[in-house]
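Before any comments, here is the structure.
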Amino acid sequence: MPKANRFLTIEGGEGAGKTTLIRFLTTVLQERGVEVVVTREPGGSFLGEELRELILHPKPTEPLCKEAELFLFLAARSQHIETLIKPALEADKVVICDRFNDSTIAYQAAARGFDKKKVQNLCDIASLCLSPSLTLYLDVPPSIGVRRAHRRNDQNGDQIDRIEQEDLSFHEKVREGFLELAKEDPKRIRIIDTTKAPATVKRHAEELVQEWLKQIL
Ligand SMILES: Nc1ncnc2c1ncn2[C@@H]1O[C@H](COP(=O)(O)OP(=O)(O)O)[C@@H](O)[C@H]1O
Ligand SMILES: [Mg+2]
């Protein structure tokens with residue numbers, strides 16, 4: 001049987017704990033002697049980071065329409081894969097990406113209302129059919145996640161971005177979108193309950209990643 005690819009994605013709503021967990025998993029992998037590349041979407045390339053800024057902080061006088069938003073995310077993804085993800089995977093590195101196609105389905109289809117199948121087809125084109133062999137979906141009720149994200153922004157002196165500013169019902173739809181995807185593809189998408197204490201979340205994630213390493217190394 002061919003080995004699974006070394007592409008791991010971390011998904012979840014605002015304040016779910018993605019960045020925190022990625023830092024931890026990177027250390028776990030590096031301690032095992034695995035070479036890791038950590039990256040994020042939108043972003044990860046020069047163009048991707050420029051597009052990220054345009055998506056998250058557009059000019060207030062010109063609201064970003066949802067169609068343009070969708071295609072900006074997808075453009076950032078293709079460039080990211082070409083310039084960073086594919087070369088790293090080809091060099092046998094593990095790539096951990098903060099958000100990927102599942103976020104586009106959850107945000108653009110489930111929450112913004114685009115047809116799911118159509119968005120999936122666009123994602124297939126944009127991602128050059130690359131799919132992670134493991135996705136950790138960090139699940140948290142938005143009422144908790146958004147509060148955490150606000151507190152973090154205050155502590156870091158970061159501005160609240162356009163998507164974090166959406167109302168709770170938007171974030172509820174995002175969560176439903178992620179949970180539906182996890183139900184459809186339970187082998188790839190593993191759910192981690194991040195209402196639990198950080199140590200419990202880390203232990204669960206580490207178990208799943210250790211299991212995954214057996215399939216990829
Ligand atoms: N399991 C957890 N329980 C409580 N707080 C958490 C947990 N995981 C992360 N946090 C805190 O929540 C905030 C948001 O976490 P972060 O990793 O930035 O989320 P994300 O990247 O998903 O938006 C941070 O201040 C972080 O310290
Ligand atoms: Mg983050």
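What follows is calculated from the coordinates using simple rules that are stated; it is not laboratory data. Quick caveat: nothing in here was measured; it's all calculated off a predicted structure. For neighbour counting, all protein chains shown are included, and Cβ atoms are generated from backbone atoms with ideal geometry for every residue, glycine included.
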Open item on the list: From zero outward in steps of 10 Å, how is the percent of C-alpha pairs of the chain spread across the bins?
Closed with: 8, 34, 40, 16, 2, 0
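Let me know the charge dipole size of the range 1-141 about its Cα centre in debye, to the nearest 20, where only the beta-carbon of Lys, Arg (+1) and Asp, Glu (-1) is charged.
Numbers: 17 positive and 19 negative charges, 50 e Å.
The calculation lands at about 240 debye.
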Open item on the list: I want to make sure I understand the PRE zone here: with the label point 7 angstrom from the Cα of Leu217 toward its beta carbon, which residues in the range 1-28 have backbone N atoms less than 14 Å away?
Closed with: 6, 26-28
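For a test of the definition: using alpha carbon positions, the gyration tensor, and the 1.5 limit on a/c, classify the range 106-168 as rounded, prolate or oblate.
Working: a/c = 2.27, a/b = 1.86, b/c = 1.22.
Prolate, since a/c reaches 1.5 and a/b exceeds b/c.
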Task: Prolate/oblate/rounded call for the range 91-217, Cα gyration tensor, a/c under 1.5 rounded - done: oblate
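Counting pairs of alpha carbon atoms under 8 Å apart in space and at least six apart in sequence, what relative contact order in percent does the chain give?
Details: 312 pairs, mean separation 69.2, N = 217.
Relative contact order here is 32 percent.
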